[in-house]
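Structure, as structure tokens:
Coordinate-derived values only; no laboratory data. Owing to the predicted nature of the structure, the values given are computational and were not obtained by experimental measurement. Every residue, glycine among them, receives a Cβ derived from its backbone with ideal geometry; neighbour counts consider all protein chains shown.
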Amino acid sequence: MRSIHARLSAAPWCALALLVMLGATSCGKPPGVVPPGIRKTKTLNCDTNVVVNPNKVSPDSVYLCDGDTLSWSKGNGTDSFTIDFGNRTPFSDNATKFDDQHASHPGQTQYGALDVYRYSITIKSGPNSTTVDPQVVTGGNP
């Protein structure tokens, strides 16, 4: 009786080579890496109301969507407030300075790239006044 040493067939060697190739290419990307040509998107909630309290506004950063109207309202303890956007405005009526008596303004009907509008609110509460610097974020359209 003769015995012949058997060799491994080609199948296990091919499987091993395939695993090595996959490990060295796309399967080893860290989480969060997006392949070229694929866009990541995120749905955001649009904000339409900001409450002005004696020392802060809530929310501090708002996302204003196309065509929405943004309004500020007095919270408990706030006597009055003034708003100043400087020389840039996210509103279709181009308002840059207004107060608690005129605190609603319509957003633009179409925003372009993502943009941030910083503004200041001077809040009067009794004999004290405080200035805070929140922001309005717009855009993100392709």
Legend entry - Among 125, 114, 85 the positive-end extreme of the charge dipole of region 78-142 (Cβ point charges): 114
Inset, instruction - Count the net charge of all other residues whose Cβ sits under 13 Å from the Cβ of residue 133, scoring Lys and Arg as +1 and Asp and Glu as -1. - result: 0
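Less than 13 Å Cβ to Cβ from residue 70, Lys/Arg counted +1 and Asp/Glu -1: what total charge do the surrounding residues give?
-4
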Inset, instruction - Pull up the cross-link candidates among the lysines for residue 124, meaning alpha carbon to alpha carbon under 28 Å and not fewer than 8 places away within one chain. - result: 56, 74, 97
Inset, instruction - Please report, largest first and rounded to whole Å, the three semi-axes of the ellipsoid equivalent to region 44-108, where each semi-axis is the square root of five times an eigenvalue of the C-alpha gyration tensor. - result: 19, 14, 10
Inset, instruction - List the residues whose amide H sits under 5 Å from the amide H of residue 53, counting only those 5 or more places along or on another chain, with H placed 1.01 Å from N in the peptide plane. - result: 58, 75
